[in-house]
Structures are given as structure tokens and as C-alpha cells.
Amino acid sequence: MSYQPLLLNFEEAAELRKAIGTDSLLGKALARDIAQTQKYMTSVGIEVPGHGEAGGYEHNRHKQNYIHMDLAGRLYLITEETVYRDYILNMLTAYAEVYPTLESNVSRDTNPPGRLFHQTLNENMWMLYASCAYSCIYHTLSEQQKRLIEDDLFKQMIEMFVVTYAHDFDIVHNHGLWAVAAVGICGYAINDQNSVDKALYGLKLDKVSGGFLAQLDQLFSPDGYYMEGPYYHRFSLRPIYLFAEAIQRRQPDLNIYEFNNSVIKTTSYAVFSTAFPDGTLPALNDSSKTISINDEGVIMATSVCFQRYEQNDTLLAMAEHQQDVWVHASGKTLSDAVAIATDIKPFNWGSLFVTDGPEGEKGGVGILRHRDKLNDDTMALLWFGQHGSDHQYHSALDHGHYDGLHLSVFNRGQEVLHDYGFGRWVNVEPKFGGRYIPENKTYCKQTVAHNTVTVDQKTQNNFDTTLAESKFGSKHFFETEDKALQGMSGRISGYYSGVDMQRSILLADLEELEKPLVVDIYRIESQEEHQYDLPVHYCGQIIRTDFEYEVADTLRPLGTDNGYQHLWNVAQGKVATSSLVSWLQGNSYYSLVSSAVKDSQVIFARTGANDPDFNLRSEPALILRQSGRNHVFASVLETHGYFNESIEASTGARGLVKSVAVSANNEEATIIQIELVTGKQYHFAVSNRMESEQHKEHNVVCSGQRYSWRGAFAKF
């Protein structure tokens, strides 16, 4: 038999059949898929609904139809039970009988509609998965059945994507990836090499202006990072792997997995390695707070990377965390390896810097990680890449946030300093049709919604996408050789007119403290005086402060625009030298101790102002407000203590850090002093020199004491 299914040949299916009923990861995945598919087939049957809005009944029914056709296709090959084959045939026939008569759906945004869905992206996904299912039963169909499904369904869909919406087909963007993968996979399924070539090389067949190879060549930085951030990055992995597997099997001479220095591996690792220790992905740009490495595309990538690239312990640990594998030959390879492995520790990609931009020239993401003896990971993430939008390509590529030098921190199994993420109730139709809510622009994208400095209560780059696209940060330093003292630093310039910023984060493992201390030195240079606000977004309950504050009798917004209009002013207090705020989150206490100058304020805020439809989550934040020209915010985040209400246990509710002060700040270096409650003092210094000059000896005198060191930073 010359025709083989696209992703799983008959011999591989026979091997996967042996896992049915076993307790392996593959066996569990098969049991889940069998139960899910049988339930759907018997409870829903064959239904082709009409048009509906995003998140509505019709939308979800079309989506569930393609999901379960795809599952049924692989299950037919693996189990050889004809009920799966008949289900796919009946479903595809039902769609083929009505598709030519359907008018376009109604678009609710700038994306063109399909005949089934409100946007062609979803139609691409439908055709891709339906084509995979079709390839699994192709060898059982009569010529008449093939003609109906191919002529009245698949070929008409291909024409819509490559002719009607040709202007979107070659877009280098995650939507473009789905478009080319859908057409390419459908082309392989129906033996239409002409469509496959358009999907591979673009409509001009030049491999540059569009097509899958252009996507792989242009979409990612040299380190594999995707400009829109992890949320949309992980979404791109599914079409990449589905199409790549089909290419490898139908056109192995293309060596797709080695293309562009194995960019498929590189870009997969860029997603893997940015994950928090609990597997969730950081919310950079428009992002869900719940998307994690358990995402379908990441599971595919983990399985294929293990089979085709390298069989390392970190990928084993990823699979152990996911407790899942792709139901595919690569998933069997990974499942078998997990079954015989011993002492699999939690996955840890270590500290790393990931570049952004086509040439890696547009800043990036710095990540510091420290694992203690209890296998608890502390992670700090500093973001200073390019703006995650590019209007020259497509209106859909508008997911960028205005948050240069944003900081996120994670430890003890939870995100401590966090990003709000996107403003969207996904597929919740009553909430703005499940689309991005208006507050996504008025709050979530604004600088004040992130853990980075705002100037004069404004948003970076005037909330101007075109201006923001022309700006990007740069790495100041990134050094992680000494695991007891790691450091990273980034710079942004001109995000506010006449203002330059440099933020340095040190992860210091001090013998007195339970967890590494997160040292944050935020340096600002300006010729004019400004109000500087450093928002700190946290979760939990305030436990104590070391300053007096006044609680508002009447709640009022903090401002009228730039996101401040959505923040209630809950309380505020003045501080003179240093401020301490402690809160309880889960079972852990956290204390943020910060330097202060004359007339400094600490403002306690909460989202929810000017939100008549209750679209925003109600979350707390505190804002460190200070004024000046050249200025430094110096803060440390201490993790301490333990709380367990069920057994009435609380220990270490007060931290050991007493105060933080800026000792010196000039073009040479910035030095801060940290005093513990015991009276012991630590000094941390960061270089303000250009990267090429940091290795030379620094000599700084402050308070009559000379501090000398080589390198980007030091502890005294």
C-alpha cells in the first residue's frame, strides 16, 4: 500500500497498540483519548451547526468536531476499530454536503471570516485537523467518497485560503503558520503537491516572501524567541510540529528538522526554558495566566525533541511533570524512556538569557534560577525585548505590552511578583464574545499594570504602537557562574522622552536567609525632575508595614488615564528613609524592603475602578512613589517563614531584612546597603559602565569606605 497516513504509519500504529491498557504515560494518554472520543461520538453524534460568534455554541461544536475527528483518526489506526473510521467518514461527508452552500460568517474584528468560523484562523485549524483525520481513513474510502470530501470541502477551503485571502496567506506571524500548515497538510492528504509547494515556499514560490520555510527563517530570534511572547509562541508549536512531521514523512529530502540550524528545536527550547518552576509560562505581552507546559503544542514538542534531537534528563523531567505524551511514535519513545528512568528530579533549565529580534539585536529575556537543597526553585525574570506588535504585517499582530524592564519573581511553588496577563475571558461568550475586553488596552497593556517604573503617570512610548516598535532594550550584563550570587541587568532608553533606565537584579544566597534574596536596583537618569512610580503587583494579604498609612474613606481612582483610572487608591502613607511591606501568600511570607527619599510615598491599590462590567480581576498592588531627576529605587524581596492555618502553625512571620539604602550612585557604579535586624550589613554594587568596561577594576568611595571589585557586580 503506497498511501500512508500523514503522522502515524501502519507499522507505528501497531507498536502503539501494545500500550493500550498499560500504566505507561502513553497507555494513560490512549485510555484518556479513547474514553473522550467514545463519549463524544455517542453523546453528540454527527452535527454540523451553522454560524455563531466566538465562544458560542456553534463555534465550540465546530471546534470539538475537528478535535474528535483527529483523535478518532489515530485511534482507528491504533485500535483498528471501524467505529472511529465510520465517525470520521460521516462527519466529513456531512460537512462536504453543506460547505459549498455556506456564506461567510460574520467577522467581529479585523480578521477575515471563514464559512464556519468568525475568523480564518479557526478555519485553518479545522482543515488541518480534519485533513489529518482524513489521511487516517483514506485507504478505506471509495473514489466517490474521496471526490465528495476533496472537491466539495478541502479544495474549496484551500481556495479560500490561498486565493480569496491570499493577502493573509504569506504573513509571517503565528496566524500565518496555521495557514501554511493547514494548506500543506491538506495538500499532502489529498495528494495535491501544488498546494503543498505554496505552503512550503509561499505563493511566489521564492521561499522568502511567505511559506513555511520563510516562517521558520524569519519568525524567531537566533535563540528561538518569538516576539509576541510565550503565550502565542506555544500556540505556534502545534502547526510547526504537525506540518514538520508530515514533511519529514512525505519529503524527507527537505531535512526539515535540520532546517535553519535546527530552528524547530531551538524555538521549542525557548518556550520550555522560560517556564516557571510549576510549568506555567510567564505572561509577557498578551498572555493567559494558566497556559503551561501541559499545553498540547508543548507536549508534542517535548515528545518530538526527545525522539529527533536529544534524549536528555531535562526532557524526561518535562514529561514527568506533564504526565502526558503525544499519541505518536515520538510519544512512545519518550513514554518508554520515562518508564525505565529512576530518580527523575523536577525539570530545571537553569539561568539563561534569550535574545529577541531577527538577529538577536533587540534585547531579550533574562532568567535567574536557584535551586536549594529542598529542590525548591527561585526564579527571577527580567524583560527588556522588543515591543510584541508589528503593524506592518497584520492587525492581528498587536499583542504587545508597554512594560520594558518588567520583573517577575517565583518561588515556593507560586508566582510572587506577577504580571496581570491579558484582559480576556477566553470563549466566555457573555464577556465581550470571549474576545479581548476593552480594558485590555486601557489597563492590561499599560505600563502601570506591570512591575516597572512609570514616569509622571504615563505609559512608555506614549502608548503608541508605531513608536514602541522602533524601541527595544539592551543587555547590560548577565552573569551566573557563581550560583550564590547571580546577576542580570538591562537598559532602555527614550521610552520616556529624556529618560534612560537601567534595572539590575541580583539573586543572592545569604547564609542568614531561608531563600535567596532578590536584590532590585532600578537606576533612572534624567535632566528634568519627574514623578517616578514603581508598581509592585503581588497576591495575598498584607501582614505588616514599618510605616503609618491612612486608609481611604471613599475609594477614588489613582488617575484618569494610562491605566491609573482602573486602580482604586485604597490607602497610602509617607516614608522617609526605608519602607517595609510584608504579605502572606499561600504558606509563605514575603517582605519587600525599599529605599526612600524625602516625600516618598507607598500607595496601596487594587484593580477594579472604572470597570462597570466587572471585566477586570480584583487584584492588589502597591506603588512606590518617589520624585527626582537622577534616581535609584533600591529594593529587596525576602522570602521567609511558614503558615498553615489547618494546624495553627506560623513561624518566621517577620523577616530578617530591616532596611535598604542607596550608598552611592554615579556613572561608575551604584552601591546599596542592606541592614539586617541583627545589625549586620551587606553592600551590593553594580557597575554602570558599558559592558566592555565592566571587567576593569572599580573603585568607589562612599561614607569614607572604599569599595573595589572587578566585574559587573559584587557583594561586600
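The values are calculated or read from the model by the stated rules, or taken from the named source; none is laboratory data. All of these numbers come straight from a predicted model, not from anything done at the bench. FYI the Cβ positions are ideal-geometry reconstructions off the backbone, even for glycines, and counts take in every protein chain you see. Heavy atoms of the whole protein, side chains included, go into the accessibility calculation; ligands, DNA and RNA do not. Shrake-Rupley method; radii C 1.70, N 1.55, O 1.52, S 1.80 Å.
When the helices in the chain are scored as -39500 (n - 2.57) per DSSP H run of 4 or longer and the sum is shared across all residues, what 222 nm value do you end up with, to the nearest 500 deg cm²/dmol? Before the final figure, lay out each step's value.
Values: 17 runs with 210 residues, N = 716.
Taking each H run of at least 4 residues, the total per residue is -9000 deg cm²/dmol.
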Problem set entry | Modelled FRET efficiency - R0 56 Å, A576 with V106, Cβ distances, 0.05 increments | 0.40
For this session: Once you have the Kirkwood Rh of region 495-558 from its Cα pairs, apply Stokes-Einstein at 4 °C and 1.567 mPa s and quote D in µm²/s.
Result: 80 µm²/s
Problem set entry | Extension gain, T678 back to D482 (0.36 nm per residue minus Cα-Cα distance, nm) | 68.0 nm
Exercise. Does anything in region 362-382 have its amide N under 17 Å from the 7 Å Cα→Cβ label point of N261, and if so which residues?
Worked result: 362-365
Problem set entry | Within straight-line cross-link reach of K362, lysines at Cα separation under 28 Å, skipping those fewer than 8 residues along the same chain | K207, K265, K289, K441, K445, K458, K471, K475, K483, K696
Exercise. Measuring from the lowest to the highest alpha carbon on each principal axis, how far does region 397-449 reach, largest first, in angstroms?
Worked result: 35, 25, 19
Problem set entry | Accessible surface of T101 - all protein chains present, 1.4 Å probe, nearest 10 Å² | 100 Å²
Seminar exercise, completed: Per the rule of 0.36 nm per residue minus the C-alpha distance, extending F614 to E97 adds in nm 181.8 nm
Problem set entry | Probe 1.4 Å, accessible area per residue of the chain, Å² | 37 Å²
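Where does region 644-714 land on Rg(C-alpha)/(2.2 N^0.38 Å)?
Ratio of Rg to 2.2 N^0.38 Å for region 644-714: 1.56.
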Exercise. Accessible area, 1.4 Å probe, largest first: how do W425, W709 sort?
Worked result: W425, W709
For this session: Just subtract the alpha-carbon distance of K373 and D151 from 0.36 nm times their residue separation and send over the number in nm, one decimal.
Result: 73.7 nm
Seminar exercise, completed: With Cα coordinates, the longest principal axis of the chain makes an angle with the long axis of helix 329-340, in degrees rounded to 10, of 50 degrees
For this session: With no solvent and one equal point scatterer placed on each C-alpha of region 294-366, evaluate the Debye formula and give log10 I(q)/I(0) for q = 0.17 Å⁻¹, two decimals.
Result: -0.67
For this session: Please name whichever of V162, F353, L128 sits farthest to the positive end of the charge dipole of the chain, dipole taken about the Cα centre and charges placed at Cβ: Lys and Arg +1, Asp and Glu -1.
Result: F353
For this session: Of all alpha-carbon pairs in the chain, indicate the percentage at a distance above 33 angstrom.
Result: 52 percent
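When only the heavy atoms of the protein chains count and the probe is 1.4 Å, how do S303, S646 rank by accessible area, highest first? Before the final figure, lay out the partial values.
Values: S303 0, S646 100 Å².
Putting S303, S646 in descending order of accessible area: S646, S303.
Calculate how large, on average over all directions, the projected area of the Cα convex hull of region 359-435 is; give the answer in nm² to one decimal. Present the calculation step by step, with values, prior to reporting the outcome.
Working: hull surface 30.6 nm².
With every direction weighted equally, the projected area is 7.7 nm².
Relative contact order, percent, of the chain when contacts are C-alpha pairs under 8 Å separated by at least 6 residues? Don't skip to the end; give the middle numbers.
Values: 1597 pairs, mean separation 56.9, N = 716.
Relative contact order for the chain comes out at 8 percent.
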For this session: Compare the Cα positions of Y95, I672, Q705 along the charge dipole of the chain (+1 at Cβ of Lys, Arg; -1 at Cβ of Asp, Glu; about the Cα centre) and return the one farthest towards the positive end.
Result: Q705
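Grab the beta carbon distance between E697 and E359, set R0 = 45 Å, and tell me the FRET efficiency rounded to 0.05.
Values: r = 33 Å, r/R0 = 0.73.
That gives a FRET efficiency of 0.85.
State the percent of C-alpha pairs, over all pairs in region 58-152, separated by a distance greater than 24 angstrom. If you can, show how the numbers build up before the last one.
Working: 996 of 4465 pairs.
Roughly 22 percent, once rounded to a whole number.
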Problem set entry | 0 to 90° range, to nearest 10: angle between helix 57-79 axis and the chain longest Cα axis | 70 degrees
Exercise. What accessible surface, in Å², does a 1.4 Å probe find on R147, ignoring ligands, DNA and RNA and rounding to the nearest 10?
Worked result: 80 Å²
For this session: Calculate the spin-label point distance for E667 paired with R710, positioning each point 7 Å from the Cα along the beta-carbon direction, and give it in nanometres.
Result: 2.4 nm
For this session: Enter the Cα centre distance for the pair region 441-482 and region 533-561, rounded to the nearest angstrom.
Result: 22 Å
Seminar exercise, completed: Expressed in angstrom and ordered largest first, the alpha-carbon extents of region 83-215 along the principal axes are 42, 32, 20
Problem set entry | Whole-Å semi-axes of the ellipsoid equivalent to region 577-716 (Cα gyration tensor, √5λ, descending) | 34, 22, 14
Problem set entry | region 43-202: relative contact order as a whole-number percent, Cα under 8 Å and 6+ apart | 22 percent
For this session: On the protein heavy atoms, probe 1.4 angstrom, tell me the percent of accessible surface of the chain carried by carbon and sulfur.
Result: 47 percent
Problem set entry | Rounded FRET efficiency, nearest 0.05, which uses the C-beta distance separating K207 from N587 and R0 of 51 Å | 0.40
Exercise. Can you pull the accessible area of K458 for me, 1.4 Å probe, Å² to the nearest 10?
Worked result: 100 Å²
For this session: Measure nothing fancy, just the Cα-based angle from helix 313-322's long axis to the longest principal axis of the chain, in degrees from 0 to 90, nearest 10.
Result: 80 degrees
For this session: Compute the separation of the alpha-carbon centres of region 302-350 and region 678-716 and state it in Å as a whole number.
Result: 43 Å
